[in-house]
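S.K.: Provided herewith is a single structure, encoded as C-alpha cells, for subsequent inquiry.
The values are calculated or read from the model by the stated rules, or taken from the named source; none is laboratory data. Since the structure is predicted, the reported quantities are computational estimates derived from the model, not experimental observations. We place every Cβ from the backbone using ideal geometry, glycine too, and count neighbours over all the protein chains shown. Heavy atoms of the whole protein, side chains included, go into the accessibility calculation; ligands, DNA and RNA do not. Shrake-Rupley method; radii C 1.70, N 1.55, O 1.52, S 1.80 Å.
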Amino acid sequence: MAVELRPPAARPEPPSRRPGLGHTLRQAWREYRSMRTALVLLVVLAAASILGSLFPQEGISPRRVDQYFGDHPALAPVLDRLGLFDVFGSAWYMAIYLALLGALVACLVPRSRALVRVLRSRPPRGGSLDRYRTRAVFDTSASPEQAIRAARTVLRRHHYRVADHPDGPDPWGPGDPEGVPRLVGELSRGGPPVSRGELAAEKGYLREASSLLFHVSLLVLLVGLAYGKGYGYRGQAAIVEGQTWANARVAYDTFTPGRFFGLTRLAPFQLRLDDFTNSFHDNNTPKEFVSRLTALDLDGHPTQSQRVAPNRPMTVDGVRIFQSDYGYVPVVRVLGKDGTELLAPQEVLTLRDPASEWSTGAVKVTRAHPQVGLELTMFTGLRTAPDCPGGAPFCNDPRLVRPVLVVLPYQGDLQADRAQSVFTLDRTRLKPLGDRPLLLGLGQSGELANGLEVSFTGLKQYSVFTLARDPGVPIVAAAAALLLGGLIPSLYLTRRRIWVRATPAGPGTTRVELAGLALQGKPAFEGELARLAQQVERGTLDAPDRST
Amino acid sequence: MSPAELATLSDTLAWLAVVSYVVAAALFGLEFSFRVGWLGPAGLAVTVAGLAANLGAAVARGLAAGRVPWGNMYEFSIIVGIVTVAGFLVWVYRRPEIRPLGVFVLLPAVLAMALGGLVFRVPAGPLVPALNSRWIVIHVAAAITGSSVLCLAAVFSILYLVKDRVERRQRAPAPPLVAGGAKTADRVEVDQAVARHAGIWDRLPSADTLDELAYRTTAFGFPIWTFAIIAGAIWAQAAWGRYWGWDPKETWSFISWTIFAAYLHARATAGWRGRRAAWLAVVGLAALAFNFYAVNTVIVGLHSYGQ
C-alpha cells in the first residue's frame, strides 16, 4: 500500500476529557484498518495455509483422509473437529480471510476518497524553496515569464500535472503543512521568498490509483471465485467405447454441486465415445491418451465432435469436458455345464493400476448354483521370464499387444442383495473353486472345476471424463488481468512534486529555482531534477531574447 | 549432433558452469576478504563464462529432448542458476560496487545446481501427457524467473540483516568505566576495537543500500511470481477443469506469494520497516525452497513430476 496522501489528522483532544467507549472503539477501528493489521493478517493467513498442506484434505484426496483415520484412530477425530482435514473450507480459515478483506475495504475507502480529493485540487505552492534537500538553481538571460513557460513545457513533456501560481506573496507562507504533506521532516528552515512566477507540478498519482486497482481486483477475484463455487458443479463420468452417456445426475460416478446449483440446470446433451487410443514411449511411460467424443442433443442428433486429450478439453453448452483417466472393459461370457447361458457377454468395468497397467475387476454369476464369483486381472501385454527386466518371473507391457485375462474363481454365496463394490467380490461366504487360476487370451475359453465355461469374448476401453461448469471463470480471469495490470505500476511508478520559481536577479538576469520532493525512488531523484533543470535552461536559451 | 550427443554436451556444460561459479565465488570471496584489486574483474569474467556454459547446457538439453528445457526438477535447477546469476550480473552492471557480493549469490546458485545434478538428474526425455501444453513454456518459465529473482532478493535481505547488526553494534555507546568492576579500561578498549573492526562483514555495502537492493529486486520478482501463479491457474483450468484446487503446490505458491506481499507492505509500515521486513523475506525464501524441494518430492500432489 502506498503512503497516505494526507498527514494523519492530528486533532489534539482536550486533556480534561476521559477516554470513553466511543474513543476506544474509534481507536480500535483505526488500529484495524492500519497497515500493521493487514500485515499481521497476511502472515497469519500464510501460516494457516501451511496446515492445509500438512494434513490430507477432504476436497483433494478423500482416500488419504480415510487412510489417516485408519493410521491415527485417536488423533484423527480431534483434528477433524478442528477442521484440519478441510482447512480451506473451515470456519476459522474463513474468519482470517474475511478479517483481512474487512481491513482491506476499511483501508481502501478512505484512500480512494483521499485520491479523488487530491486529483480535484491543484498542486499546491511550494513555500520557501531553499528548504528542500533536492534543489537546482541557474541564472538565465530570459525573462521570468519565458523561464516559467519553458519549465511548463519541460514538465508537461515529462507527464507532470502543472499548476500556475502567479505573482504575489505566498499566501501560505513558508513551511505550511497542508502544502507539503508528510514530508515536512525532510525540510530545513529558510526565510520567505519574493516570488515573481511559480509553477507547482506533480506526477505519479497513477501509482496510488494502480495500487487501489490491485486491491479492488483482489476483492473482485474473490467474488468471482465464490460465485463460481456456488453456482457451478464438478463431476466425473466413465463412458465405454461406442456407448452414449446422458448428462443426468445419476449418470455421474461422482457429482459435487455448488451450494446454489439447481439440478434442473444440467445442460441437456448426450456424449458418445467413438474411440479411445493410448500410446506409450519406448521406455513405457505414457505418451498420450485421446478420446474421440461426439456431443448429441436429446434426440440423438450429433452437434459437435472433438478429440479430447489432457490439456485439450471440449466445451458443450458451457460445460467443459476434460480427459482424466481410462481403463479396460473385458467382455466375459459364462456358460453352464449343459450349454445354457448363465451370463450373457458382459462388459466388465475394471480398475487400472497406473504403475503396472494391470486392471482388476470382478464378475458375479448369480444364476449359477451355487453362485460363482470370478476375480479378474487383466494384463495388456503379459510377458514371462526372459523378456522381463530384473529377472522378474512375469511382467506387463502397457501396450495392448497380448491381452490376457487371469480368472480366479470362487463359489458360494455372493451376497449380491447387499450393496457392494462392482470391482471386487465380498469373499466372506465364498470358497476358492479349483486349485489354479484360468489364463485366457482374447477369444479363448476355459473350463472351471465345476464344469462352467468362461469365455473372454471381447475387449473394449473406457474413458473417464471430468465435467465442470464454473460460471465465475470470466470474472476471475478479468480480475486476475486487472490485478496484474494494477500491480506493476503500483510498484514502479514514483510520486514526485516539483516547484519552479523564476525571480528577477539583477538587470537582464532571471534566477530560476527548481526544488522537489520524491516519495519513492529517492536516490534517483537528485539526478532527475538536475536533468529537468538542464532541459529548462536549454528551453529558456531557445526562447527569443527578452529585449525583443 | 544426435540427441544423445547433445544430452552429453549439456551435462558437460552444466558441470563446467558449476565449476566456473565455484571458481568465481572463490575469487569474489577473496576480493571481499582481502580487497585485492584484480580478483573482482577476474571473478566477473569467470562468472560470465560460467553463465555462457550454463545457457549452453540449457539449450543443448532442450535440443536433446526436443522441447523446452524445463520439464523436470533437474532442468529447473539449471535454469535457476541462469536466472540468479544473470540477475546478479544486471545488478553489478548498474552498481559496480556490489560486485564482491557475488560470493553470496553464486554459492546458493551452485548449491541449487549441484543438488539438481546429484539428486534429481534424469536422462533427457519427453514429457508426460499432462505436461504437454504450451502453458509449460509460459507458466514454468515465469515460475523459475520469479522464484529465482525472489531468492536473489532474499539473499540481499539476509546480507542486510548481517550488516544492520554490524552497524547497530558500532553505533552502540561505549560501555562506561566501572571502578573496581569487571570492565577494566583494557577490556573497554578491546570492546571498542571489536566494535570498530566488525570483521569482514564491515565491508558489506551499507545497510540502507542492501535494503534498497532487496526491495527493488523483490519489486521486480513479485509481479513475475504473481504472473506465474495466474498462468498456472489458467493452465490448471485447461488441464484439470479448475483454476484453483489447493493442491500442495498451489497452496505453497500462495503461501510464498502472501509472505512476499507482506514484505512489500512491511517496508511501508512503521515498526516493520527494516529488520522485521527482512526476516519476512527470509521466511519467503524458506517457503520458496520448500515449495520446490519438499512439495515435489515428499508431499503427494498433482505436481509430483520431478523425480
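S.K.: Taking the simple approach of a point 7 Å from Cα along Cα-to-Cβ for both A:A246 and A:V401, what is their distance in nm?
M.R.: For the pair A:A246/A:V401, the computed spacing is 4.4 nm.
S.K.: Leaving out ligands and nucleic acids, and using a 1.4 Å probe, what accessible area per residue does the range A:390-548 come to in Å²?
M.R.: Per residue, the range A:390-548 has 49 Å² of solvent-accessible surface.
S.K.: Taking R0 as 45 Å, what FRET efficiency do you get between A:S121 and A:A95 from their Cβ-Cβ distance, rounded to the nearest 0.05?
M.R.: 0.65
S.K.: So what's the convex hull volume per residue for the Cα atoms of the protein assembly as shown, in Å³? The partial results should precede the final answer.
M.R.: Details: hull volume 251.9 nm³, N = 855.
Dividing the Cα hull volume of the protein assembly as shown by its residues yields 295 Å³.
S.K.: Let me ask you something else. Probe of 1.4 angstrom, ligands and nucleic acids ignored: what's the accessible area per residue over the range B:1-118, in square angstrom?
M.R.: Per-residue accessible area for the range B:1-118 comes out at 41 Å².
S.K.: In whole Hz, what ³J(HN,Hα) sequence does the range B:232-241 give by Karplus (6.51, -1.76, 1.60; θ = phi - 60°), x for Gly and Pro?
M.R.: Karplus values, whole Hz, x for Gly and Pro: x, 5, 5, 5, 4, 5, 6, 8, 10, x.
S.K.: Right, another one. Express in whole angstrom the spacing between the alpha-carbon centres of the range A:52-97 and the range A:106-136.
M.R.: Result: 50 Å between the Cα centres.
S.K.: Relative to the isolated chain, which residues of the range A:48-86 have their accessible area cut by 20 Å² or more in the presence of all protein chains (1.4 Å probe, heavy atoms, no ligands or nucleic acids)?
M.R.: For the range A:48-86, once contacts with the other chains are taken into account, A:S49, A:I50, A:S53, A:I60, A:R64 lose 20 Å² or more.
S.K.: Over the range A:301-458, what per residue volume does the convex hull of the Cα atoms give, in whole Å³?
M.R.: Hull volume over Cα atoms, normalised by residue count, gives 177 Å³.
S.K.: Distance from a point 7 Å along Cα→Cβ of A:L82 to each backbone N in the range A:35-70: keep the residues under 19 Å and list them by number.
M.R.: From the range A:35-70, the list is A:44-59, A:65-70.
S.K.: Another question about this same structure. By how many nm would the segment from A:A47 to A:S34 lengthen if fully extended, with 0.36 nm per residue of separation less the alpha-carbon distance? Walk me through the numbers before you get to the answer.
M.R.: Details: separation 13, 0.36 × 13 = 4.68 nm, distance 2.05 nm.
Result: 2.6 nm gained on full extension.
S.K.: Right, something else. Provide, in order from the shortest bin, the percent of all Cα-Cα pairs of the range A:87-141 in each 10 Å bin, continuing until the bin that contains the maximum pair distance.
M.R.: 17, 20, 20, 18, 13, 9, 3, 0
S.K.: Just to be sure I understand the model, the point goes 7 Å from the Cα along the line to the Cβ. What's the resulting A:C388 to A:S421 distance in nm?
M.R.: Between A:C388 and A:S421, the simple spin-label model gives 2.4 nm.
S.K.: Please state, to two decimals, what the Cα-based radius of gyration of the range A:414-501 comes to when divided by 2.2 N^0.38 Å (N = residues).
M.R.: 2.77
S.K.: If you take the beta carbon distance between A:D353 and B:A52 as r and set R0 to 56 Å, what does 1/(1 + (r/R0)^6) give as a FRET efficiency, to the nearest 0.05?
M.R.: Working: r = 46 Å, r/R0 = 0.83.
Approximately 0.75, to the nearest 0.05.
S.K.: Follow-up. Among A:K229/A:K287; A:K229/A:K460; A:K460/B:K249; A:K522/B:K163, which pairs are too far apart, with a Cα-Cα distance over 24 Å?
M.R.: Pairs exceeding 24 Å: A:K229/A:K287; A:K229/A:K460; A:K460/B:K249.
S.K.: Further question: Given charges of +1 on the Cβ of Lys and Arg and -1 on the Cβ of Asp and Glu, with all other atoms neutral, how large is the dipole of chain B about its Cα centre, in debye to the nearest 20?
M.R.: Working: 24 positive and 16 negative charges, 108 e Å.
Its charge dipole is roughly 520 debye.
S.K.: Continuing with this model, one more query. With +1 on the Cβ of every Lys and Arg and -1 on the Cβ of every Asp and Glu, and nothing else charged, how large is the dipole of the protein assembly as shown about its Cα centre, in debye rounded to the nearest 20?
M.R.: Result for the protein assembly as shown is approximately 3180 debye, rounded to the nearest 20.
S.K.: Given the range A:307-373, report the % of alpha carbon pairs whose separation exceeds 14 Å.
M.R.: Working: 1540 of 2211 pairs.
Within the range A:307-373, distances greater than 14 Å cover 70 percent of Cα pairs.
S.K.: Something else now. Quick test of the membrane-span-like rule: which DSSP H helices of chain A reach at least 15 Å along their long axis (C-alpha atoms) with mean Kyte hydropathy at least 1.6?
M.R.: Qualifying helices, which must be both long enough and hydrophobic enough, are A:35-54, A:473-492.
S.K.: Quick check for you: with a 1.4 Å probe and neighbouring chains kept, what is the accessible area per residue of the range B:214-255, in Å²? Can you show the working numbers first?
M.R.: On the way: 1110 Å² over 42 residues.
For the range B:214-255, the per-residue accessible area is 26 Å².
S.K.: In addition: Rg/Rh for the range A:435-481 to two decimals, with Rh computed the Kirkwood way over all alpha-carbon pairs. Write out the running numbers ahead of the final one.
M.R.: On the way: Rg = 24.9 Å, Rh = 15.7 Å.
Using Cα coordinates only, the ratio equals 1.58.
S.K.: For the range A:249-321, what is the Kirkwood hydrodynamic radius in Å, using each pair of distinct C-alpha atoms?
M.R.: In the range A:249-321 this quantity evaluates to 14.3 Å.
S.K.: Compute the Rg/Rh shape ratio of the range A:197-282: radius of gyration over Kirkwood radius, all on alpha-carbon atoms.
M.R.: Ratio of gyration radius to Kirkwood radius: 1.39.
S.K.: Now for a separate question. How much accessible area is lost when chains A and B come together, counting both sides, with a 1.4 Å probe, in Å² rounded to the nearest 100?
M.R.: For chain A against chain B, roughly 3700 Å² becomes buried.
S.K.: Distance in nm between label sites at A:R161 and B:V36, each 7 Å beyond Cα in the beta-carbon direction?
M.R.: 5.8
S.K.: Please give the Cα centre distance for the range B:256-298 versus the range A:333-398, rounded to the nearest Å.
M.R.: 54
S.K.: Assuming 0.36 nm per residue, please report the length gained on full extension of the stretch A:Q304 to A:A74 beyond their Cα-Cα distance. Could the numbers behind the result be given before it?
M.R.: Numbers: separation 230, 0.36 × 230 = 82.80 nm, distance 5.33 nm.
In short, 77.5 nm is gained.
S.K.: Counting other Cβ atoms within 10 Å of each Cβ, which trypsin sites (Lys or Arg not before Pro) in the range A:254-358 have at most 14 and sit in a DSSP loop?
M.R.: Those that pass, being in a loop and sparsely packed, are A:R259, A:K337.
S.K.: Next question, about the same structure. Taking the range A:40-144 as the region of interest, what is the percent of Cα-Cα pairs per 10 angstrom bin, listed from the shortest bin to the one with the maximum distance?
M.R.: Pair shares across the bins are 12, 23, 16, 13, 11, 10, 8, 5, 2, 0.
S.K.: Given the -39500 (n - 2.57) contribution per DSSP H run of 4+ residues, what per-residue ellipticity at 222 nm results for chain B, rounded to the nearest 500 deg cm²/dmol?
M.R.: The per-residue figure over chain B is -25000 deg cm²/dmol.
S.K.: The range A:79-166: which trypsin sites (Lys or Arg not before Pro) are DSSP loop and have at most 12 other beta-carbon atoms within 10 angstrom?
M.R.: Answer by residue number: there is no such site.
S.K.: Here is a further query. Quick one: P(r) of chain B from all Cα-Cα pairs, 20 Å bins, percents rounded to integers, in order of increasing distance.
M.R.: All Cα pairs, binned at 20 Å, distribute as 30, 52, 15, 3, 0 percent.
S.K.: Which percent of the accessible heavy-atom area of chain A goes to carbon and sulfur, probe 1.4 angstrom?
M.R.: In chain A, the share of accessible area belonging to carbon and sulfur is 56 percent.
S.K.: Quick one: Debye curve from the alpha-carbon atoms of the range B:45-141 only, equal weights, vacuum; give me log10 I(q)/I(0) at q = 0.13, 0.14, 0.18, 0.23 Å⁻¹ to two decimals.
M.R.: Values, matching the q order: -0.49, -0.56, -0.85, -1.18.
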